[in-house]
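Coordinate-derived values only; no laboratory data. Since we're looking at a predicted model, the values are computed, not measured. Cβ placement follows ideal geometry from the backbone for every residue including glycine, while neighbour counts extend to all protein chains displayed.
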Amino acid sequence: MTAWRRHWPRSWLWSALLLVGLLVLGLSPQPAAAETDLDAALRALRKEENPELRIKRIARLQRFDSLRAAKALAQAAREDPVLAVRLAAVKALSKNRAEKAEELLVGLVRFGGPMTVRRAIALEVRGRPKAFEELCEQLDNRRTPIEEAGLIVQTFGWFRDEQSLERLRKLATDPKAPLCAMALRAMFLRTDRRSKRVACLTRLMTTSRDEDTLLTLLDEADRLPDPRFVPAVERLQTYLEPTIRKAAAHTLRQIQVEEAAKKAEAARAAPGQKGKEGDRYAKPEDPPPPDQPLDEPPLRPRFDFVYVMDATGSAFMNIPVLRKRIAQEVELITELGASLRVGLIAYRRAGSAQDPVEVLPLTFDLRRVHKWLDALETRGVDNRGAAISAALHAALDQMDWRRRARRRVRLYADCRAANPETASAVVSIHYREEKTRTSVAYILRTRKSVPSELADLARLGGTGALELMK
């Protein structure tokens, strides 16, 4: 007994250490099991072909606050061929608490995508101070491509904080800023009250001088005809530029028709009665004469056209022909009275580190379009395929499309695409989900065989047939 008491403290210590060791051994398999569950969830998402089941797999991945899960969700948000799956991935990624999950979410802003996905990303990013600071840094970086800077400006349109609004105001009042028109549309998107939108539009129409800015303002005023616009619009009818005079005349006509319709509706809703007010025995007035038919608001369709053209060395002889063709088509549409914006994209050799894609964002200013085309230079070779997929990504995923416009991408090519699967995926989802059409013209000048993937692009883009140019 005495010996046991003498050695008891040491035995108690060993017992405690043994107990701790057993607890450690008992708990150590749990991280491995969690890792195994994550691997299984990632494999299930990669192999699943049913979109509805992919959404369920994404919901399962939402339980893992892991960088690997965040990367898989970001990839699904960028590349999945079904819009509903992309939206589910954006939602799940916004709830991931991994260290770099928010950085991946912010990266989706610059990637773009269909307009519905862009809106979902903006709604998940807003309200995050760190994300706003990172977006501002990218916007101030001169190396940020113009199309990606435009996506950041569009995203600020869904924000509700004063800092982002002040940033938009600065861009909208800078006459030299290439993002001025985008900032204006983002500001109007944020303005909920009609009176505020009218006041903002009136002030900017009075102070702005740039043609693209003024046409953007008149385009917004068409959607909100208000008599308070009349003095500013009448002043714009005295401008020298015929495009501004024509747009101002259309806006003024919209306001007149809208006011006439309101007066007629008020007259029909309040017929008078003879006799004293409240006299139940008073003889009612004769029915009013039938209203004179009002002129319908003038039809002014909206078009957003993006021309995507080959600018490699093999297309040297094609550029003058394409310049003439684009100019003729643009002139015809504007003469018909349409509200037209034009964007241009030139692509070169795939994988090139030096300007594989050059972009002119959508603009009302056709002089800027012609100047850009005149300055376009061809260079590089396309023996390994051209950067058609990158150009279509910039055209469809990253352009500042108007929701109520007829959207079309026109691809001119004289060689095969370097990544045909990627090009087909982006063309397909934009036509299927948002009816943005992609037409393809193949130039039979340097090669006689037509690549099969270009015919597939025309079919997936909703136009069906590949045009051949000689």
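Of the GluC sites (Glu not before Pro) found in segment 33-70, those that fall in a DSSP loop while having at most 13 other beta-carbon atoms within 10 Å are 49.
Tell me the GluC sites (Glu not before Pro) within segment 328-428 that lie in a loop according to DSSP and have at most 15 other beta-carbon atoms within 10 Å. Qualifying residues, ordered by number: 377.
Here is the list for segment 178-209: trypsin sites (Lys or Arg not before Pro) lying in DSSP coil, each with at most 16 other C-beta atoms within 10 angstrom of its C-beta, are 193, 209. Projected over every direction and averaged, the convex hull enclosing the alpha-carbon atoms of segment 303-469 yields 8.8 nm². Evaluate the Debye formula for segment 337-429 with equal point scatterers sitting on the alpha carbons, no solvent, and hand back log10 of I(q)/I(0) at q = 0.20, 0.21 Å⁻¹, in q order, two decimals. Each listed q corresponds, in turn, to -1.04, -1.11.
Dipole check for segment 194-264: with +1 at the C-beta of Lys and Arg, -1 at the C-beta of Asp and Glu, and the Cα centre as origin, the magnitude is about 340 Debye. Length, then width, then depth: along the principal axes, the Cα atoms of segment 38-171 run 48, 27, 27 Å.
Stokes-Einstein diffusion coefficient for segment 399-445 at 4 °C in a medium of 1.567 mPa s, Rh from the Kirkwood formula over Cα pairs: what value in µm²/s? Estimated via Stokes-Einstein, D reaches 108 µm²/s. Computed over neighbours whose Cβ is under 15 Å from that of residue 85, the net charge equals +4, Lys and Arg +1, Asp and Glu -1. With all projection directions averaged, the alpha carbon convex hull of segment 194-264 covers 4.3 nm².
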